[in-house]
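A short reminder: the numbers here are calculations on the coordinates, not readings from a lab. Remember, it's a predicted structure, so these values are computed and weren't measured experimentally. Cβ: placed from backbone, ideal geometry, glycine included. Neighbour counts: every protein chain shown.
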């Protein structure tokens with residue numbers, strides 16, 4: 001039987017004994033007080049919401065997030081007329097997963113290629129203080145390995161193993177373009193900020209057993225966590241200029257661009273402004289593409305509701321393959 005991945009599930013499909021990762025799980029009650037399971041099922045292609053009505057109490061108490069489950073059910077549309085698929089579970093049993101890597105999404109780019117690019121960017125930083133700072137941050141082998149494997153988000157964009165490195169390098173390339181167009185910008189400062197702007201996600205997110213926030217991520221947030229890590233590293237670099245320290249930390253703290261989006265300060269330097277827009281551009285475009293890839297697209301060209309954007313998205317009508325004209329002989 002062909003494996004049905006999350007990205008292939010369409011409204012109306014029947015699911016027979018498919019194994020998924022239990023990414024989220026909690027027990028709620030219906031209006032009449034009956035217990036039901038609100039869950040999220042995952043594999044390496046994405047996630048899907050699921051409901052198990054009248055879930056047996058004993059089973060509900062045994063479920064653990066990050067464990068495997070074997071599912072029978074139907075893919076329904078919820079809310080009605082939204083185009084949003086949701087699994088209605090008819091039967092669910094625990095299933096041991098021997099290789100977790102088969103159920104976690106990975107970065108699109110090759111890891112070795114990305115590591116080489118990161119090293120090249122570091123070598124191109126001409127400012128001795130910033131170069132030494134980057135060397136100190138990544139000389140911690142445990143941190144260096146974690147940075148390469150960490151996700152950049154729980155679900156919206158680059159939510160995969162290696163997603164943080166992939167996103168950071170994309171932001172570096174966008175910032176490099178802006179610095180080429182506007183030579184008034186401090187290129188070394190901007191590119192260092194691009195590399196380090198999300199380092200807080202190394203401890204704010206985890207990829208195992210599922211993509212999720214850690215206690216640090218929930219209590220401190222990755223923006224502040226990253227600034228604290230960079231400040232600690234700066235203290236280990238002899239003679240690091242106070243002005244450079246202020247401008248780099250400001251860019252990191254302001255990279256979300258607005259107080260309501262999680263930045264403690266708004267961008268007040270040109271490097272902070274450029275970093276914010278590069279981060280926003282890559283995250284938004286990749287978020288759009290990830291949603292389109294993981295969600296079924298209607299024949300008319302619309303996806304279901306995208307929470308990241310607060311609307312349905314329009315990648316365009318699905319085009320049937322063109323038939324080749326017969327060549328007369």
How high is the relative contact order of the range 6-102? Use alpha-carbon pairs under 8 Å, at least six apart in sequence, and give a whole percent.
31
Stretched out fully, how many nm does the piece from residue 17 to residue 231 gain, at 0.36 nm a residue minus the Cα gap?
72.0 nm
Here are several values of semi-axes √(5λ) of the Cα gyration tensor in Å: (i) 36, 21, 18; (ii) 40, 25, 18; (iii) 40, 21, 17. Which one was derived from the coordinates shown?
(ii)
What spacing in nm lies between the two simple spin-label points modelled at residue 319 and residue 242, each 7 Å away from Cα in the Cβ direction?
6.0
Shape call, the range 6-102: gyration tensor on alpha carbons, a/c limit 1.5
oblate
Can you give me the Cα centroid spacing of the range 243-286 and the range 30-80 in angstrom?
38
Please compute the modelled spin-label separation between residue 81 and residue 120, points set 7 Å along Cα→Cβ, answer in nm with one decimal.
5.3
Label point at residue 109 placed 7 Å out along Cα→Cβ; residues across the range 275-303 whose backbone nitrogen lies under 19 Å
275-291
On C-alpha positions alone, give me the angle between the axis of helix 187-196 and the longest principal axis of the chain, in degrees, nearest 10.
40
Let's test the formula: R0 of 30 Å, r as the Cβ-Cβ distance of residue 259 and residue 181. What FRET efficiency results, to the nearest 0.05?
0.60
So how tilted is helix 163-181 from the main axis of the chain? Cα-based, degrees 0 to 90, rounded to 10.
50
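Can you give the calculated 222 nm mean residue ellipticity of the chain, where each DSSP H run of n ≥ 4 adds -39,500 (n - 2.57) and the sum is split over every residue, rounded to the nearest 500 deg cm²/dmol?
-12000 deg cm²/dmol
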Taking the range 106-288 and dividing mean pair separation by its residue count, relative contact order in percent (alpha carbons under 8 Å, at least six apart)
21
Using a cut-off of under 16 Å, list every residue of the range 44-58 whose amide N is near the label point 7 Å from the Cα of residue 308 along the Cα-to-beta-carbon line.
45-48
Packing-wise, with mean Cβ within 10 Å as the measure, how do 11-22, 184-195 rank, highest first?
184-195, 11-22
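Please compute the volume of the convex hull spanned by the alpha-carbon atoms of the range 48-90 and report it per residue in Å³. Don't skip to the end; give the middle numbers.
On the way: hull volume 3.5 nm³, N = 43.
Once divided by residue count, the hull of the range 48-90 is 82 Å³.
Assuming 0.36 nm per residue, please report the length gained on full extension of the stretch residue 65 to residue 38 beyond their Cα-Cα distance.
Using 0.36 nm per residue and subtracting the Cα-Cα distance, I get 8.5 nm.
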If packing is taken as the mean number of other Cβ atoms within 10 Å per residue, what is the order of 272-279, 198-205, highest first?
198-205, 272-279
Label zone at residue 101 (point 7 Å along Cα-to-Cβ), backbone N below 15 Å, the range 140-171:
149-150, 161-162
Pairing the Cα long axis of helix 222-234 with the longest principal axis of the chain, what angle in degrees results, from 0 to 90 and rounded to the nearest 10?
30
Bridge type composition, the range 6-102 - antiparallel percent by DSSP, nearest 5
95
First check a/c for the range 106-288, with a ≥ b ≥ c the square roots of the eigenvalues of its C-alpha gyration tensor; if it is under 1.5, answer rounded, and if not, answer prolate when a/b is larger than b/c or oblate otherwise.
rounded
Mean separation of Cα pairs under 8 Å and 6+ residues apart, divided by the residue count of the chain: what relative contact order is that in percent?
13
What's the long-distance tail for the range 239-313, i.e. % of Cα pairs beyond 20 Å?
48
Taking the beta-carbon count within 10 Å as an exposure proxy, list 67, 168, 236 from fewest neighbours to most.
236, 67, 168
